[in-house]
Amino acid sequence: MPDRIAISILSRRTFVASGVAAFTMTPLIARADGSPKATSEPSQEFKDVFAKLVGAATPVDGRIAVDLPETADNGNFVPITIAVDSPMTEADHVTAIHLLSTANPHAHVATFHLSPVNAIARVQSRMRLAKTQDVIVLATLSGGDMLISTTRVQVAIGGCGI
Amino acid sequence: MGRNPRIKLPDTIKAGEVIEVKTVITHVMETGNRHDKNGQRIPRDIINTFIAKFEGHEVFRAEFGPGISANPYLAFEMRVPGPGTMEITWIDDHGASITATAPVNVA
């Protein structure tokens, strides 16, 4: 069982490395300031929530595998799996995973609190996306460092009244 | 408040094994941004807190915003130390809560 989990995380990481890395390597703030790649401008609320969560930390890109569809047919119901590569020991574990949307009316989608008892830092849920945008995942580590992942999702039909 | 809360656990679990706990509850997760046909804003009504306990000890917690879909589904991982009871509580904007329990049967 643990082997299978490791493989699935690895394959998703490979996917992230190959597909999304080129995108995420551009610093978030640079794109927020009007790079042509940004089709949906990050909302002011997103910027505020992001700044508050990050605080004085400098989030490092990597170690987070986010499974989201490239294109969401129905923005009301978008499955998401988040896995953070962490030993989940007392000395080194993920304490929180924050899920943010850059262009929903409410930027802060969810926060998940974890501890070593979870053994594997992975959560699954379903989220709403009002329109095509970046989904940002932040992971807070027990040592105080933060990780970040950015995933662009094309939304065909936006979540109604999100 | 929500209804029909469900917890899904593997059928067979060994002590020390890491399992996935799958949960879902029926709830509209009204965002507060929608309007009815008379133009009146429909008030926000969401489940904002999720707490999972095993044998009385908190093992996982989540806060939800309106960006979580209706009938919120949540799955997380947990190492099972031994047999016991999983207890999950959902709390809504009005402070109302609903709790479901499931036995963790260790072979």
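The values are calculated or read from the model by the stated rules, or taken from the named source; none is laboratory data. Owing to the predicted nature of the structure, the values given are computational and were not obtained by experimental measurement. Please note: Cβ atoms are built from the backbone with ideal geometry, for glycine as well, and neighbour counts cover all protein chains shown.
The number of residues in the range A:105-135 that are more than 16 Å from A:Thr71 (Cα to Cα) and of a type outside the set (Phe, Trp, Tyr) comes to 20. Tally up the residues in the range B:1-46 that are surrounded by 17 or more Cβ atoms within 10 Å (Cβ to Cβ) and of a type in the set (Ser, Thr, Tyr), please. Looking only at that region, the number is 2.
When the range B:64-95 is filtered for residues that are more than 8 Å from every other protein chain (Cβ to nearest Cβ) and charged (D, E, K, R), the ones remaining, listed by number, are B:Glu87, B:Asp92, B:Asp93.
Each row is one residue, and each column tells you yes or no for (1) at pLDDT below 95; (2) outside any loop (DSSP other than H, G, I, E, B); (3) away from chain B (no Cβ under 14 Å); (4) within 25 Å of B:Arg34 (Cα to Cα).
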| site | (1), (2), (3), (4) |
| --- | --- |
| A:Ile80 | no, yes, no, yes |
| A:Met88 | no, no, no, no |
| A:Phe112 | no, yes, no, no |
| A:Val123 | no, yes, no, no |
| A:Asp134 | no, yes, no, yes |
| A:Val137 | no, yes, no, no |
| A:Thr151 | no, yes, yes, no |
| A:Ala156 | yes, yes, yes, yes |
| A:Cys160 | yes, no, no, yes |
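Pairs meeting the criteria (first residue in the range A:51-78 and over 13 Å from A:Gln124 (Cα atoms), second residue acidic (Asp, Glu) and at pLDDT 95 or above, beta carbons under 9 Å, at least 6 apart or on different chains) are A:Ala57/A:Asp145; A:Thr58/A:Asp145; A:Pro59/A:Asp145; A:Val60/A:Asp145; A:Gly62/A:Asp85; A:Arg63/A:Asp85; A:Ile64/A:Asp85.
From the list B:Gly32, B:Gly16, B:Gly39, the lone residue that is farther than 25 Å from A:His113 by Cβ, small (Gly, Ala, Ser) and in a loop (DSSP other than H, G, I, E, B) is B:Gly39. For the range B:42-76, the tally of residues that are part of a loop (DSSP other than H, G, I, E, B) and closer than 18 Å to A:Ala96 by Cα stands at 2. Being farther than 28 Å from A:Pro87 by Cα and at the interface with another protein chain (Cβ under 8 Å from one of its Cβ atoms) is a property that B:Arg61 lacks.
Would a scan of the range A:93-103 turn up a residue that is more than 8 Å from every other protein chain (Cβ to nearest Cβ), assigned to a loop (DSSP other than H, G, I, E, B), modelled with pLDDT of 95 or more and closer than 20 Å to B:Arg79 by Cα? Yes: one or more hits. Taking the range B:14-42, which residues are more than 11 Å from every other protein chain (Cβ to nearest Cβ) and more than 24 Å from B:Ala62 (Cα to Cα)? Across the range B:14-42, the qualifying residues are B:Ala15, B:Lys37, B:Asn38, B:Gly39, B:Gln40. When residues in the range A:114-160 are screened for being without any contact (Cβ under 8 Å) to a residue 24 or more places away in the chain and closer than 20 Å to A:Asp61 by Cα, 0 of them pass.
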